[in-house]
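Note sheet for the following structure.
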Amino acid sequence: MQLVFLLLTACFPAAASPSRDVREPAIPVDRIEIVAGIDRIIGRGEGVQLLVRGFDSSGNPVDVTDEATIELVAAGRGSIDSERRLTAEQPGSILVRARYAEHSVVRSFQAEPTERPRPVGFRHELLNVLTREGCNAGACHGTPTGKNGFRLSLRGYLPDQDHASLTREFEARRIDRVSPEDSLLLRKGTATVPHEGGRRLIVGDPSWSLIRRWIEEGARDDPADALRPIALEIVSAATRIDAPRDRVRLAAVADYSDATRRDVTRLVRFSSSDETIARVDEAGLVTRVGFGEVLIQVALGSILRTIRLNFRDVPDGSPWVEPPSRNFIDRALARKWREMRLRPSSLAEDGVFLRRLCFDVIGRPPTVEELREFLADRDPGKRDRWIDRLIGSPEYVDHWAAKWADRLGCNQRFTGFKGAYSYHRWIRDQVAANVPFDRFVRTIVTARGANYSNPPASFYRRIRSPEDAAETVSQLFLGIRIQCARCHNHVSERWTRDDYYGFAAFFGRLRYKDGPQYFELYNKEETVYLDPERRLRRPGTREEVAPRMLGASQPIASNSLDPREELAEWLTSRDNPYFAKATVNRLWFHLFGKGIIDPVDDMRDSNLAASPELLDELAADFVAHDFDVEHTLRTILRSRAYQLSATPNPSNRNDARYFSRANVRLLSAERLLDAISAISEVPERLFHLPAGTTAAQIPDGEFVHPFLRSFGSPRRSEACECERESDSTLEQALQIVGGKTVHMKIQEPKNRIGRLLASGASDEAVVDDLFLACLSRQPDDAERAAALGVMGAAGPDARRKAIEDLFWSLLNHPEFLFQH
């Protein structure tokens, strides 16, 4: 085993530490301006958040709010607090001056007169404050059962219930209209009395003052004609923050139903999509933690908006050199790389490329013969030729059919034993024929009938309710997770319970019955059919729900027996804003190990896309070519971006998002088992399936193989790609190092080693063959010397044992176990 320690030392370069954090100094600017979302302040006591924007010598905006001095030109009509908020106190014109270095600028605001402060709105102010302070979060009183007898709806999505909880429950002791400061709501919030959630409010701060004023005004619910926000805008002095600067402030402005605009910075809830990049506090101050892009989400009730911020490291001093491009993918990513100050890695070597291509397209490594043929070819177009050679091959069909079998529920526990085989065969036939993806999805979504004779109907056997169908179809084909809206309005997305149940209503008429074929309880056919009298009724109210497309404001106008027909047409429409993007994002994920939006089936506004432009262009190309999956795969595979090396350079060593180098990832379970079987030349016996069946060809997710399960092979019971586990585990190490599967293949007398020995191959030829088979490359001088030294010392009697040690070492080598 001396070879183990010598050969396992070749691994990938470790990521360097991020750059040192430096507090932002004053930065020279050519001019400044005051930034605010409104010029008119309507109502006494209302205000506006002030920001100061500078412009550097290149004209780039810089947030200098915290370094600037902001003051009133003349006192009397307003005041400015420490958070740079201007509050109107008297009607008329208010002049504000900002100073930064030698620059000064004045801006005018108009305060509109009112006799008294506008009454506090319960639904659109008070509930937003409770949300902002975390009172109705899922970890606090927003749980279904509440905390310590006090229950609020999550993020305030049931205002009627919340008003009753605050004003009527607990013998109305939560509020004190006579002495608002003594209200239990405020005393608990300030921790004046014991509060499990700790102190959430400070006496005199804006949130405390608003709650107190609402109680003082009578703790009323809003009248029917109360003002309500209808749109939300995020205001920022800059969206790109270059080191050493590390902060930027945000403000929020809402359009209201009376055609006015108000600053709502103190009502909204700020959150960061990635706190390893930046954190945001309740006042809208965003502070850098790492480098990269981050989305800051701003929520005002059910209105959600996001802003993309880019925190960039100090440039390395190298001038930008435009990388070569082969298609629109490379050009879109090059624009992103330049923006992010990333230089892409060089192209992968031929052997690395062919290994990556074979694993991604056909699910196995290249054979030694294929590798030698490819390496000997001097034609510059050979990579494209091999892409065309592999796409559409029988192994390609097996590999890509398995991906959809995983997600579509190809498991006898749902489909019946015979159903799993027929369903898998149908999926494979669709992939083999390169059926346009829109037609493939329409067939599945509208399927009905007996699932043994009409295999697409098996899709609905895993799904037993309209709600399950809505969640599965949305996640699989739109990339949208609407599960949260089943119980409450989505807390981080636009989807409401109305959206959820309107979408579920498309499946409200589905019913199931046994047969015609029935063998036993777990091996029976089911017929999916429509009950024209059946309708989906909303839980709680029991009101009938009309079908409605996601994002639509009105139900569909149709008298069709099967509303899924209209759903399928909308779903696969060229104009659908989600379908094509979700599909190409999933294809990209399978080739790069990471989606342009990741997780791949969680395409929401608050989930950052690596390049929205690339996703748009890739989806448009997919639609323009009539949803041709093979065309899109070729387009991606031919791009220079796909063919980059995994070896980092100083600029992209920390890049895990923008595809400036190849992503190193553990081989999936099926690819790993098939690779070991192919290289050892010992096929794995898989259950009762015919001899020679590969792991990629397994038709039924219920079949349990210990090696495959250890490496995360899914049971095909969920729509989510997350069902396939990708984390490395101790169990995996034990399988590779000493597991029966690998051990038996290495020691099988008639395996690859036996063939090489029988052919009279020299030690040099054996070493070269095993390295090419396992790692798709020749050994370097040190590796060759180490291997030949151990084999030579073993002598003729122990030669096979020495070769087995070498083979075992290579199968445990990171270059074999990982795709790179």
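The values are calculated or read from the model by the stated rules, or taken from the named source; none is laboratory data. What you are looking at is a predicted structure, and each value in this text was computed from that prediction instead of being measured. No Cβ is skipped: glycine too gets one built from the backbone with ideal geometry, and neighbour counts run over all protein chains shown. For the accessible areas, the whole protein counts, side chains as well, though only heavy atoms, and no ligand, DNA or RNA atoms are used. Shrake-Rupley method; radii C 1.70, N 1.55, O 1.52, S 1.80 Å.
From the mean inverse distance of alpha carbon pairs (Kirkwood) and the Cα radius of gyration, derive Rg over Rh for segment 557-673.
Value, to two decimals: 1.06.
Report relative contact order for the chain in percent, whole number only (criteria: Cα-Cα under 8 Å, sequence separation at least 6).
Relative contact order, the chain: 12 percent.
For segment 318-464, calculate the relative contact order in percent as a whole number, restricting contacts to Cα pairs under 8 Å that are 6 or more residues apart.
Relative CO of segment 318-464 lands at 16 percent.
Under the Karplus relation 6.51 cos²θ - 1.76 cosθ + 1.60, θ = phi - 60°, what is the ordered set of whole-Hz ³J(HN,Hα) values for segment 219-230, x standing for Gly and Pro?
Rounded to whole hertz, the list is 6, 8, 6, 6, x, 4, 9, 5, 4, 9, x, 10.
From the Cα gyration tensor of segment 419-522, with a ≥ b ≥ c the square roots of its eigenvalues, which class applies: rounded if a/c is under 1.5, or else prolate if a/b is larger than b/c, or else oblate?
oblate
Taking 7 Å along the Cα-to-C-beta vector as the label spot, tell me the Ala283-Arg538 distance in nanometres, rounded to one decimal.
4.1 nm
Which whole-Hz couplings ³J(HN,Hα) result when phi for each residue of segment 407-414 is put into the Karplus expression 6.51 cos²θ - 1.76 cosθ + 1.60, θ = phi - 60°, listed in order with x for Gly and Pro?
Once rounded to whole Hz, the list reads 8, 8, x, 7, 8, 4, 4, 9.
Got a sec? What order do Arg355, Arg261 fall in by accessible area at 1.4 Å, biggest, i.e. largest, first?
These residues rank, largest area first, as Arg261, Arg355.
Cα centroid distance between segment 78-106 and segment 541-599, in Å?
48 Å
Would you mind checking the pairs Lys336/Lys581; Lys336/Lys403; Lys336/Lys382; Lys418/Lys745; Lys403/Lys594 and listing those with alpha carbons more than 22 angstrom apart?
The answer is Lys336/Lys403; Lys336/Lys382; Lys418/Lys745.
At 0.36 nm per residue, and after removing the present C-alpha to C-alpha distance, how many nm does the segment from Ser558 to Asp514 gain when stretched out fully?
12.8 nm
Once both labels are modelled 7 Å past Cα along the beta-carbon direction, what's the Asp39-Asp205 spacing in nm?
Roughly 3.4 nm, to one decimal.
Between Val321 and Asp429, how high is the FRET efficiency from 1/(1 + (r/R0)^6) when r is the Cβ-Cβ distance and R₀ = 41 Å? Nearest 0.05.
After rounding, the FRET efficiency stands at 0.30.
Counting helices only, and only those DSSP H runs with n ≥ 4, report the 222 nm mean residue ellipticity of the chain as the sum of -39,500 (n - 2.57) divided by its residues, in deg cm²/dmol to the nearest 500.
It comes out at -10000 deg cm²/dmol, rounded to the nearest 500.
Based on the Cβ-Cβ distance from Leu689 to Arg173, what FRET efficiency comes out when R0 is 60 Å, to the nearest 0.05?
Result of the calculation: an efficiency of 0.30.
Gain in length, Phe328 to Val105, computed as 0.36 nm per residue apart minus the alpha-carbon separation, to one decimal in nm?
Separation in residues times 0.36 nm, less the Cα-Cα distance, equals 75.9 nm.
Hey, any idea what % of segment 708-820's accessible area is carbon plus sulfur with a 1.4 Å probe?
Carbon and sulfur: 56 percent of the exposed surface of segment 708-820.
Can you give the alpha-carbon Rg of segment 353-485 over 2.2 N^0.38 Å, where N counts its residues?
The reported ratio for this selection is 1.31.
Let a ≥ b ≥ c be the square roots of the eigenvalues of the Cα gyration tensor of segment 80-133; is it rounded (a/c under 1.5), or, if not, prolate (a/b larger than b/c) or oblate?
Oblate, since a/c reaches 1.5 and b/c is not below a/b.
What accessible surface, in Å², does a 1.4 Å probe find on His743, ignoring ligands, DNA and RNA and rounding to the nearest 10?
The accessible area comes out at roughly 90 Å².
What longest region of the chain stays clear of chymotrypsin sites (Phe, Trp or Tyr not before Pro) that DSSP places outside H, G, I, E and B and that have at most 15 other Cβ atoms within 10 Å?
Answer from the scan: 1-319.
In terms of modelled amide H atoms, which long-range or inter-chain residues lie less than 5 Å from the amide H of Gln110?
Arg40, Ile41, Ile94
Say each of Arg709 and Arg784 gets a label point 7 Å from the Cα, pointing the same way as Cα to Cβ; how far apart are those two points in nm?
My value for the distance between the label points is 4.5 nm.
With angles folded into 0 to 90 degrees, how steeply does helix 579-592 sit against the dominant principal axis of the chain? Use alpha carbons for both and round to 10.
Once rounded, the angle reads 50 degrees.
Enter the accessible area of Leu757 (Å², nearest 10), with the probe set to 1.4 Å and all protein chains included.
For Leu757, solvent-accessible area is about 60 Å².
How large is Rg/Rh for the chain, to two decimals, with Cα atoms and a Kirkwood Rh?
Ratio value, two decimals: 1.03.
To the nearest 10 degrees, how steeply does helix 763-775 sit against the main Cα axis of the chain, on a 0 to 90 scale?
So the inclination is approximately 30 degrees.
At a probe radius of 1.4 Å, what is the per-residue accessible area of Ile38, in Å² to the nearest 10?
Counting only protein heavy atoms, Ile38 exposes about 10 Å² to solvent.
May I ask you to rank Lys745, Lys524, Lys801, Lys581 by accessible area, largest first, using a 1.4 Å probe over the protein chains only?
Largest accessible area first, the residues go Lys801, Lys581, Lys524, Lys745.
Does segment 196-298 classify as rounded, prolate or oblate by the C-alpha gyration tensor (a ≥ b ≥ c root eigenvalues; a/c under 1.5 gives rounded; else a/b over b/c gives prolate, otherwise oblate)?
Oblate.
Would you mind checking segment 503-519 for residues with the amide N under 13 Å from a putative spin-label position 7 Å along Cα→C-beta of Ser717?
It comes to no residues whatsoever.
Would you mind getting me the FRET efficiency between Ala259 and Ile80? Use the beta-carbon distance for r and R0 = 30 Å, nearest 0.05.
0.65
Compute the angle between helix 781-794 and the longest alpha-carbon principal axis of the chain, please, reported from 0 to 90 degrees and rounded to the nearest 10.
That helix lies at roughly 50 degrees to the long axis.
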